[in-house]
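Laboratory data are not the source of any read-out in this text; all were calculated from the coordinates shown. Nothing here was measured: the structure is a model prediction, and the numbers come from that model. Cβ placement follows ideal geometry from the backbone for every residue including glycine, while neighbour counts extend to all protein chains displayed.
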Amino acid sequence: MPNTIGGRGHGQYIARMKTVKIVVEKHPDGYVAYPLGLKGTVVGEGDTYDEALADCESAVRFHVETFGPEVLDAESPVLEAFIAEAHA
């Protein structure tokens, strides 16, 4: 079973020695989670932070099993992710 490391707001999914950063967003109707730096589109959702993160981790595993480990070989891996506020 892969390991998950994370704090509030993001998690990291470790698959075959590759780490994928996962962003978890809180919305009025639940949570949405998505990985950064993965080839393709993967999204998880849930009523709670943990549900969304687990759903996204499951989706990442499925994505890798379906399309192969090369989806983890991003040319420019995301080293860190930041959230900033801007006035619009």
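Values computed for the structure shown
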{"quantity": "Residues H87 and S58, FRET efficiency given R0 of 41 Å [Cβ-Cβ distance, rounded to 0.05]", "calculated": "0.65"}
{"quantity": "Extension reserve of the E51-E65 stretch, reckoned as 0.36 nm per residue once the Cα distance is removed", "calculated": "2.9 nm"}
